[in-house]
Amino acid sequence: MIPYNKSLVSNAKHLRKNMTPEERHLWYDFFKKLPFCVRRQHNIENYIVDFYIAEKKIVIEIDGRQHRLPEHKEADAKRDADLAVWGITVLRYSNDSIRNHFNAVAEDILSKLDLNFSDLKP
């Protein structure tokens with residue numbers, strides 16, 4: 001079992017209730033239609049990941065503009081490496097990509113899950 005930090009649980013609950021518009025868009029217009037359980041604002045080790053598909057060991061992170069800064073890129077790389085120890089793959093998409101290229105993001109995620117649009121629930 002992948003460990004989690006109990007002290008992050010309340011923060012994860014708060015983040016679930018206060019999703020960004022891009023997270024909300026992915027959640028309601030895409031992830032809810034997947035044939036897999038998708039957890040949002042899920043606690044893994046000392047991190048809260050935006051979305052986690054345990055069955056496929058895939059994390060999907062939605063990155064704002066601050067993630068372009070060198071210090072954020074370093075922190076993201078460390079986080080990705082820490083999660084990789086558990087066999088977890090991290091997929092990162094920018095807010096801009098979700099706003100402007102939603103179908104391309106959905107298609108990319110589907111390809112990583114070995115699915116296509118016809119596999120989605122109605």
Return yes when Leu8 is part of a helix (DSSP H, G or I) and touching a residue at least 60 places away in the same chain (Cβ under 8 Å) and no when it is not. no
Condition first: surrounded by 11 or more Cβ atoms within 10 Å (Cβ to Cβ) and either at pLDDT below 95 or of a type in the set (A, V, I, L, M, F, W, C) (or both). Now tell me which residues in the stretch 48-68 satisfy that. Ile48, Val49, Phe51, Ile53, Ala54, Ile58, Val59, Ile60, Ile62, Asp63, Gly64, His67
Of (1) part of a helix (DSSP H, G or I); (2) open to solvent by less than 40 Å² (accessible area, probe 1.4 Å), Arg99 fails just (2)
Mind counting the residues in the stretch 11-46 that are open to solvent by 30 Å² or more (accessible area, probe 1.4 Å), free of Cβ contacts under 8 Å to residues at least 40 places away in the same chain and part of a strand (DSSP E or B)? 3
The one condition Ile44 fails out of (1) within 16 Å of Leu113 (Cβ to Cβ); (2) in contact with a Phe, Trp or Tyr (Cβ under 7 Å, 6 or more places away or on another chain) is (1)
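The values are calculated or read from the model by the stated rules, or taken from the named source; none is laboratory data. Here the structure is a predicted model, which means the values were calculated and not measured. Because the Cβ atoms are built from the backbone with ideal geometry, glycine has one as well, and the counts that use them run over all protein chains shown. For the accessible areas, the whole protein counts, side chains as well, though only heavy atoms, and no ligand, DNA or RNA atoms are used. Shrake-Rupley method; radii C 1.70, N 1.55, O 1.52, S 1.80 Å.
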